[in-house]
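Every number in this text was worked out from the coordinates using simple rules, so none of it is lab data. Everything quoted here is computed from the prediction, not taken from an experiment. Neighbour counts are summed over all protein chains in view; Cβ atoms, including those assigned to glycine, are modelled from backbone coordinates with ideal geometry.
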Amino acid sequence: MSQRTVARRYATALYEEADATGVLEDVDDDVLMLRRSIDSNRELSRFFESPVIPKEKKDAIIRELLGGKVEGLVVRFLRLLVQKDRETLTRAILDQYQSLRDEHRGIVDATVTVAHPLAGADREALVEALEEKTGKDIRLHVEEEPDLIGGLVIRIGDRVFDGSVRNQLNALRDRLHEAPLSIEANGEPD
């Protein structure tokens, strides 16, 4: 079984338990905080990934570090991951949980790559157009890449729309290379 599948199963279990016990919003907040903490703190990331730290020590650190500060279900869940030797999947499970919550809320992430900064009004218009096209709420991430020259590249899930000037120039170049150039009898191109 792939790690992604395992992570999705654990994330689903956390979501279902949070929903059943009425603490979904608190768990959402805690998952977001943990994701950000793991991303910004290499030491915390290594803590979950390290096979050298004994289970008992990890369990004690989780209880001490998070006990009373986050929803009890989250603490119990992290302790369960340690007991089942799945703590190395913590980041993947938290990511899968966020994806699951986004699915339930009808939110999709869209990454837009642009050559130049996207103005506020343009950003809002793009979000509206994408929401209309997808029928979902869009969480927009903007990346700048001057090599695009102009236009934009939109990624939503595994779908990509490349409307960049660079892509259009490459396509034109390819068409010119593929098109045979025929010369008429008078020496002039067709």
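Observations on the model:
- Near Asn167: Cβ cut-off under 14 Å, other residues only, Lys/Arg at +1 and Asp/Glu at -1. The net charge is 0.
- Annotation for segment 139-156 versus segment 42-108: alpha-carbon center distance of 33 Å.
- With respect to the chain, whose longest principal axis is taken over its alpha-carbon atoms, helix 165-178 is tilted by about 50°.
- With helices as the sole contributors, the chain gives -19000 deg cm²/dmol at 222 nm; each DSSP H run of n ≥ 4 counts as -39500 (n - 2.57), and the sum is divided by every residue.
- Partner aspartates and glutamates whose Cα lies under 15 Å from the Cα of Lys84, excluding those fewer than 8 positions away in the same chain, are identified as Glu49, Glu56, Asp59.
- Extreme residue, positive dipole direction of segment 87-190, given options Leu89, Leu152, Val114 (C-beta unit charges): Leu89
- Estimated dipole of the chain in Debye, rounded to 20 [Cβ of Lys and Arg +1, of Asp and Glu -1, Cα centre]: 1180 debye
- FRET E, pair His104, Arg175, Förster distance 45 Å, beta-carbon r, rounded to 0.05: 0.50
- Beta bridges per DSSP with both ends in segment 77-182, % antiparallel, nearest 5: 55 percent
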